[in-house]
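See below for the structure under consideration.
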Amino acid sequence: MSTTYGSFPGARPRRLRTTPAMRRMVAETRLHPAELILPAFVREGVTEPVPLESMPGVVQHSRDTLRKAAAEAVAAGVGGIMLFGVPEESKKDAVGTPGTDPDGILQQAIRDVRAEVGDDLVIMSDLCLDEHTDHGHCGVLDAEGRVDNDATLERYAEMARVQADAGVHTVGPSGMMDGQVRVIREALDGAGHQDISILAYTAKYSSAFYGPFREAVGSSLKGDRKTYQQDPANARESLRELELDLAEGADMVMVKPALPYLDILRQIADAVDVPVAAYQISGEYAMVEAAAANGWIDRDRAIMETLTSVRRAGAGMILTYWATEVARRLNRGEWHRGSSTAGVAPR
């Protein structure tokens, strides 16, 4: 019986997928522990970590357990930590006083972590009022209950100064107020903190996926944030926000959430020459954990696939609640660890 070889494909991409070693060698995207940033919550007045029901495996830390978590992140090779303070409910007020109190829980946490790890971890802090206000909005309200952009900027300037005084390396203004990066840069420089960098929340969308985060920070939110966070329907608007943030002095830029906005992430990554971050937020985390707990998906593969997609779309840094776990597993060789120039697929 004769065989007509011309009827078979000449190009066979499957040749490059034959073994784990082959797939590893030709992988276009790799993940490195140093690219991961751990978001961490510290709650005032607790002596033990408080588990979060909507985010299994994540806690509100005590000051002591936060220090331990920071040390563990360093040991795993994680690049940074983003700190969120959760003040006592009785201390919240209309202007978010705990956020500018030098002895507020977030400033204490910054000092604690800096004392624990020094410069071995990039210490970042959330620069926003929502955790500290009794109404839960990211800014000061006017007489009609609307967020007053310019009055809020004055509060952000003070927050920047106290966080820098506490020893933070990078501030992360997340409130989406117009002009926030410029005001914060001027406040930092005017106080002699020229070396403190700004990670701008450039494209932060009004998302349904923030739900579990509200529990994490003990949010008192009344209403929504649609008047200042971006509309999920808009893409070009992100490029305008990007242009403004860079002109105002942003050192790094971020897209938040990550997975539902990979198209935005790709556009921003292609447009800039500064580092680009993406935040894999609470709802993204919770979906994977919940589906895995029900046996519907493979948890480990889903974690790495989502992180790979974010890295592939252009993020050089990823904020993820799995940061320390993933870094440890990469270091143990349970997943292929690649170079810092590129995410990972499990073997």
Which pairs do you get when a residue that is at positive phi, found in the stretch 32-61, comes within reach of a residue that is assigned to a loop (DSSP other than H, G, I, E, B) and open to solvent by 60 Å² or more (accessible area, probe 1.4 Å), reach meaning Cβ atoms under 9 angstrom, with the pair 6+ apart or on two chains? G45/E88
Quick one: what pairs do we get from the stretch 266-283, first residue surrounded by 20 or more Cβ atoms within 10 Å (Cβ to Cβ) and among the aliphatic types (A, V, I, L, M), second modelled with pLDDT of 95 or more and assigned to a helix (DSSP H, G or I), C-beta under 7 Å, 6+ apart or different chains? I268/S238; I268/L242; V276/I268; V276/A269; A278/L265; A278/V310
Residues of the stretch 310-325 classified as assigned to a helix (DSSP H, G or I) and either among the aromatic types (F, W, Y) or open to solvent by 10 Å² or more (accessible area, probe 1.4 Å) (or both), total: 4
Anything in the stretch 197-219 that is aromatic (F, W, Y) and either in contact with a Lys or Arg (Cβ under 7 Å, 6 or more places away or on another chain) or modelled with pLDDT of 75 or more (or both)? List them, or say none. Y201, Y205, F209, Y210
Going through the stretch 176-195 in order, the residues found to be farther than 17 Å from M252 by Cβ and not acidic (D, E) are M177, G179, V183, A187, G190, A191, G192
When residues of the stretch 123-156 are filtered for being surrounded by fewer than 21 Cβ atoms within 10 Å (Cβ to Cβ) and either basic (K, R) or within 18 Å of L83 (Cα to Cα) (or both), how many remain? 2
Take the stretch 15-42 and flag every residue that is open to solvent by 50 Å² or more (accessible area, probe 1.4 Å) and assigned to a loop (DSSP other than H, G, I, E, B). T18, T19, E28
Determine whether the stretch 25-41 contains at least one residue that is polar (S, T, N, Q) and over 28 Å from the mean Cα position of the chain (by Cα). no
Restricting attention to the stretch 47-81, which residues are within 30 Å of N294 (Cα to Cα), β-branched (V, I, T) and in a loop (DSSP other than H, G, I, E, B)? V58, V78
Between a residue in the stretch 193-217 that is within 19 Å of L262 (Cα to Cα) and any residue that is at pLDDT below 90 and hydrophobic (A, V, I, L, M, F, W, C), which pairs come within a Cβ distance under 6 Å, given they are 6 or more apart or on different chains? K204/M176
Return the residues of the stretch 220-244 that are surrounded by 17 or more Cβ atoms within 10 Å (Cβ to Cβ) and modelled with pLDDT under 90; say none if nothing qualifies. R225, Y228, Q229, Q230
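For (1) surrounded by 18 or more Cβ atoms within 10 Å (Cβ to Cβ); (2) under 20 Å from P173 (Cβ atoms), each residue gets a yes or a no:
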{"site": "E44", "(1), (2)": "yes, no"}
{"site": "V58", "(1), (2)": "yes, no"}
{"site": "D64", "(1), (2)": "no, no"}
{"site": "I81", "(1), (2)": "yes, yes"}
{"site": "T97", "(1), (2)": "no, yes"}
{"site": "D103", "(1), (2)": "no, no"}
Give just the number: which of (1) buried (at least 20 other Cβ atoms within 10 Å of the Cβ); (2) touching a strand residue (DSSP E or B) at 6+ places or on another chain (Cβ under 8 Å) does P49 not satisfy? (1)
Can you tell which of D189, D112 is open to solvent by less than 50 Å² (accessible area, probe 1.4 Å) and of a type in the set (D, E)? D112
Condition first: more than 15 Å from P257 (Cα to Cα) and crowded, with 18+ Cβ neighbours inside 10 Å. Now tell me which residues in the stretch 294-307 satisfy that. I303, M304
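The values are calculated or read from the model by the stated rules, or taken from the named source; none is laboratory data. Treat the numbers as computed from the prediction; the structure is a model and nothing was measured. When we count neighbours, we look across all protein chains shown, and the Cβ atoms used for this are built from the backbone with ideal geometry, even at glycine. Ligands, DNA and RNA are stripped out before the accessible areas are found, and what is left, the full protein with its side chains, is counted by its heavy atoms. Shrake-Rupley method; radii C 1.70, N 1.55, O 1.52, S 1.80 Å.
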